Amino acid sequence: MQIIRLFLAAPHRLPFLTGTTGIAGLALWWTAYLSALFFDSPLPAQTELPGTLLHGPVMIYAAFAPFIFGFLLTVFPRWMSQADLTAMQFGPVAGPLFFGVLLIIAGIWSGTDSAILMGFVLLAGSWALAIVVLVAVLRRHGRSEAPPCWHAWSALLGVVAGLVGAILAAGFVASGDALLMVYANRLGISGFLLPVFLTVAHRMIPFFAGNVVEHYVRWRPDGLLAIIWVLFVIRIASELLGNSTGTFLANGGLACVTAFMCWKWRPRSPAPGLLKVLIWGFAWAPIGFTLAAFDNATGVLGRGPDHALLVGFAGSLLVAMVTRVTQGHSGRQLTMPFAAWLAFWAIQLAAICRILAAIRFEEGTALLIAAAVFAFGLLPWLLRNFAIYLLPRRDGKPG
């Protein structure tokens with residue numbers, strides 16, 4: 001039972017291990033699937049639903065989401081000056097999340113639709129429990145005389161939107177209704193992943209930079225979160241209603257806001273690698289939203305803007321944030337190890353290749369290169385982190 005006690009030693013351990021397993025298993029499956037689709041290599045076992053339709057929901061909800069839960073379960077009480085969550089609080093979230101992602105991976109590799117569906121059901125259940133835990137933290141904060149923690153409220157709103165998306169994804173797997181898949185993907189991207197990553201960046205980048213860069217002025221006005229959410233609500237509604245004008249305006253607004261954030265946050269003095277990759281990764285946000293606005297006006301970029309935001313922006317920040325938490329919470333120095341640098345630059349190359357593939361009408365070679373660079377470029381970093389989550393802290397401290 002030592003391994004169970006280790007997984008429950010800190011809120012991030014099991015969710016981060018879950019996300020590590022999810023990204024590795026699903027990225028490798030997608031690479032194998034594309035190789036078979038375009039180049040006649042052995043085809044993985046087939047589900048009744050096409051793999052091209054499953055790719056979006058499984059990456060959003062089974063690969064990216066566990067990292068978000070590991071991060072929020074760790075920082076929510078710290079943002080509000082409360083004690084860390086106990087194993088009794090985060091364990092019921094982390095356990096079903098782990099088994100749900102394992103079922104999805106097993107189902108997609110074995111071609112078993114029922115396993116994928118059960119995985120999404122477990123995933124949605126753990127998601128709902130996570131919301132209960134996070135709301136309890138906010139309620140305790142509300143009973144104090146401290147001002148509201150708007151970062152926590154913003155992140156919670158994204159998690160609630162993500163739960164709706166996860167339920168829609170489960171409905172798609174159960175029914176095969178492609179419209180549910182579209183709703184799940186759009187809500188997962190514009191209501192969950194992007195708002196939560198922007199919220200965490202708004203909190204984390206100025207805080208971290210203020211600690212490591214001389215004469216750095218921390219800039220993170222709370223009103224900016226409200227502006228971001230208004231634009232995302234317009235973006236979601238316009239996407240689901242097919243209103244290209246509203247989508248263009250929302251994407252243009254988000255491009256301007258994130259470009260200004262990037263300019264304000266850039267360090268004017270020497271900065272460590274962990275901060276540089278946060279800023280460089282964040283630069284994908286204005287690029288991605290600009291590409292999205294351009295595509296709204298011209299219709300020539302296909303899925304390119306989505307992948308600029310998901311691979312370039314979210315992927316880069318995922319590598320930076322997970323590396324920072326993994327290093328710090330394992331008693332290691334807050335530096336970018338070689339495997340993390342390799343993963344970060346692989347993300348940059350994969351994002352560029354994926355955008356080029358979209359411009360070239362989803363040309364097979366470019367798609368496969370993007371998928372392979374993403375999967376195999378991240379693999380050393382994922383394996384290193386996986387090993388860390390299975391070991392006690394180096395400094396002997398609890399956690």
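The values are calculated or read from the model by the stated rules, or taken from the named source; none is laboratory data. Please read these numbers as outputs of a predicted model, since none were measured by experiment. Methodologically, a virtual Cβ is constructed for each residue, glycine included, from the backbone with ideal geometry; neighbour enumeration extends over all protein chains shown.
Observations on the structure shown:
- Yes/no for residue 126 being of a type outside the set (A, V, I, L, M), part of a loop (DSSP other than H, G, I, E, B) and closer than 20 Å to residue 84 by Cβ: no
- Single residue of region 48-69 satisfying the filter (in contact with a Pro (Cβ under 8 Å, 6 or more places away or on another chain) and touching a residue at least 60 places away in the same chain (Cβ under 8 Å)) that is surrounded by the fewest Cβ atoms within 10 Å (Cβ to Cβ): 67
- Here region 30-76 is the region considered, the condition is being over 19 Å from residue 116 (Cβ atoms) and hydroxyl-bearing (Ser, Thr, Tyr), and the residue that is modelled with the lowest pLDDT is 41.
- Filter result for residue 351 (under 20 Å from the mean Cα position of the chain (by Cα) and assigned to a helix (DSSP H, G or I)): yes
- Answer from 359, 352, 347 - the residue that is of a type in the set (Val, Ile, Thr), modelled with pLDDT under 95 and either surrounded by 15 or more Cβ atoms within 10 Å (Cβ to Cβ) or farther than 21 Å from residue 319 by Cβ (or both): 359
- For region 1-56, filtering for residues that are of a type in the set (A, V, I, L, M, F, W, C), within 28 Å of residue 397 (Cβ to Cβ), over 17 Å from the mean Cα position of the chain (by Cα) and in a helix (DSSP H, G or I) leaves 4.
- Residue within region 80-96 that is buried (at least 20 other Cβ atoms within 10 Å of the Cβ), among the aliphatic types (A, V, I, L, M), in contact (Cβ under 8 Å) with a residue 24 or more places away in the chain and in a helix (DSSP H, G or I) present: yes
- Tabulated pairs, region 376-399, first under 14 Å from residue 10 (Cα atoms) and in contact (Cβ under 8 Å) with a residue 24 or more places away in the chain, second among the β-branched types (Val, Ile, Thr) and surrounded by 12 or more Cβ atoms within 10 Å (Cβ to Cβ), C-beta under 9 angstrom, 6+ apart or interchain: 388/326; 389/20; 389/326
- Scanning region 51-70 for residues that are of a type in the set (Phe, Trp, Tyr) and closer than 14 Å to residue 104 by Cα gives 61, 64.
- Boolean, residue 165 is surrounded by 23 or more Cβ atoms within 10 Å (Cβ to Cβ) and more than 21 Å from the chain's Cα centre (by Cα): no
- Any hit, region 268-275, residues being over 16 Å from the mean Cα position of the chain (by Cα), surrounded by fewer than 22 Cβ atoms within 10 Å (Cβ to Cβ) and free of Cβ contacts under 8 Å to residues at least 40 places away in the same chain: no
- Scanning region 281-303 for residues that are without any contact (Cβ under 8 Å) to a residue 40 or more places away in the chain and either hydrophobic (A, V, I, L, M, F, W, C) or surrounded by fewer than 22 Cβ atoms within 10 Å (Cβ to Cβ) (or both) yields a total of 9.
- Options 211, 185: the member that is of a type in the set (S, T, N, Q), at pLDDT below 95 and out of contact with any strand residue (DSSP E or B) (no Cβ under 9 Å at 6 or more places or on another chain): 211
- Filtered residues of region 354-399 (kept if under 18 Å from the mean Cα position of the chain (by Cα) and among the charged types (D, E, K, R)): 354
- Each residue in region 173-188 was checked for being crowded, with 24+ Cβ neighbours inside 10 Å and hydrophobic (A, V, I, L, M, F, W, C), and 3 pass.
- Residue that is of a type in the set (Gly, Ala, Ser), out of contact with any Phe, Trp or Tyr (no Cβ under 6 Å at 6 or more places or on another chain), closer than 24 Å to residue 16 by Cβ and part of a loop (DSSP other than H, G, I, E, B), where the choices are 302, 331: 331
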